[in-house]
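Input: a single structure, listed below in structure tokens.
A short reminder: the numbers here are calculations on the coordinates, not readings from a lab. Since the structure is predicted, the reported quantities are computational estimates derived from the model, not experimental observations. Neighbour counts are summed over all protein chains in view; Cβ atoms, including those assigned to glycine, are modelled from backbone coordinates with ideal geometry.
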Ligand code: SF4
């Protein structure tokens, strides 16, 4: 619970080898980042298994954010493989990498530098046991990110708690306990509603302001009615306070809520990027298909090339571009300019989800 409440902040687990169960010379080797919450969950998910877990330095940040921000790269993976002594402990050379690290970890670089055979694991660590049962083969469904009830509940906790504290404080300062409770509950209601709606209504682009406005209005209306029912001291001034707090909550959430979800591109990106496939360069390696968390790409077995089948689902993470050995994928900006693969590999994403890039004409 403590890790969950502090989820927004980096929290470092020691790097190196963690043995789960009683791993032997044929046991699987799995890499993850050194975010404490992730390591704990890996241990829980793999309880009853015998696994060599290599905890690489991701700056104490979760795998996806760290890789996208350039804090978790192939250098960190190579380092933990070389320094952990794992080569002396196993007879095989297969290592499973976290799929959501594919924006920062170049799989081929790890192979070249270590002689190991890296392959991608599932998008969600909860799927690790049945992937291990399949000898490391990841079903297509397990490559896609989900945003299930538990994930939504976690994000609500992360966002609603600080907002409720801030709103409650303001309510207390300008009203009293009843107003503090009303404002805090309104903020929690807005946050719950927004995360329940992720993937169902627009939360990116200009449409997000409409969504958040409607949600805030409904929450304020509900809170007002509730407070009228339980107290006779609730005035129109209090309603104004509620409205201001709701607008502030919606405004804060609108800053980059999309970028904190697995369903939308970051709202901080200055220009929309579209992933573009140069079919003539594609040799059908399909590394991109394996790492895409949104099922945008598919291998066409007939022509033995990759094709883009669901461009609207692209969240512009760049993982496919980073992994393509032929540079057959790239981003094109809304103004027509191209972002070359090498630029993506070099700059990654910064922590605000906005790319710092050079573009070619
Ligand atoms: S197609 Fe889009 S979502 Fe899929 S890996 Fe590439 S950039 Fe990410």
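Assorted remarks:
- Secondary structure note: in the chain, about 60% of the DSSP beta bridges are antiparallel.
- Estimated from helices alone, the mean residue ellipticity of the chain at 222 nm is -13000 deg cm²/dmol (sum of -39500 (n - 2.57) over DSSP H runs with n ≥ 4, per residue).
- Normalised by the number of residues in the stretch 2-142, the mean separation of alpha-carbon contacts (under 8 Å, six or more apart) gives a relative contact order of 23 percent.
- For the stretch 186-241, the Cα gyration tensor yields ellipsoid semi-axes of 27, 11, 7 Å (square root of five times each eigenvalue, largest first, whole Å).
- The Cα center of the stretch 284-344 and the Cα center of the stretch 88-113 differ in position by 20 Å.
- The mean sequence distance of close C-alpha pairs (under 8 Å, at least 6 residues apart), as a share of the length of the chain, puts its relative contact order at 14 percent.
- In the stretch 277-346, the convex hull through the Cα atoms has an average projected area of 4.5 nm², a quarter of its surface area.
- Diffusion coefficient, µm² s⁻¹, Stokes-Einstein with Kirkwood Rh over alpha-carbon pairs of the stretch 2-142 at 20 °C and 1.002 mPa s: 145 µm²/s
- Label-point separation in nm, residue 93 to residue 153, each point 7 Å along Cα→Cβ: 4.5 nm
- Spin-label zone in the stretch 276-308 - amide nitrogen under 11 Å from a point set 7 Å from the Cα of residue 326 along the C-beta vector: 278-287, 304-307
- Modelled FRET efficiency - R0 41 Å, residue 197 with residue 109, Cβ distances, 0.05 increments: 0.55
- Extended-chain gain in nm, criterion 0.36 nm per residue less alpha-carbon gap, residue 278 and residue 50: 77.8 nm
- Most to least packed among 135-147, 256-268 [average Cβ atoms within 10 Å]: 256-268, 135-147
- Descending Cα extents along the principal axes, the stretch 222-321, whole Å: 72, 26, 15
- Restricting the calculation to alpha carbons of the stretch 149-260 gives Rg and Dmax of 13.7, 42 angstrom.
- Spin-label pair residue 300/residue 172, simplified geometry with 7 Å Cα→Cβ offset, distance in nm: 6.3 nm
- Extended-chain gain in nm, criterion 0.36 nm per residue less alpha-carbon gap, residue 26 and residue 335: 106.0 nm
- Per-pair calculated FRET efficiency, R0 = 25 Å: residue 229 and residue 268 via Cβ, rounded to 0.05: 0.05
- Length-normalised contact order of the stretch 74-159 in % [C-alpha pairs under 8 Å, at least 6 apart]: 25 percent
- Calculated Rg and Dmax of the chain using C-alpha coordinates, Å: 22.9, 75
- Full extension of the segment from residue 240 to residue 210, taken as 0.36 nm per residue of separation minus the current Cα-Cα distance, would add 8.8 nm.
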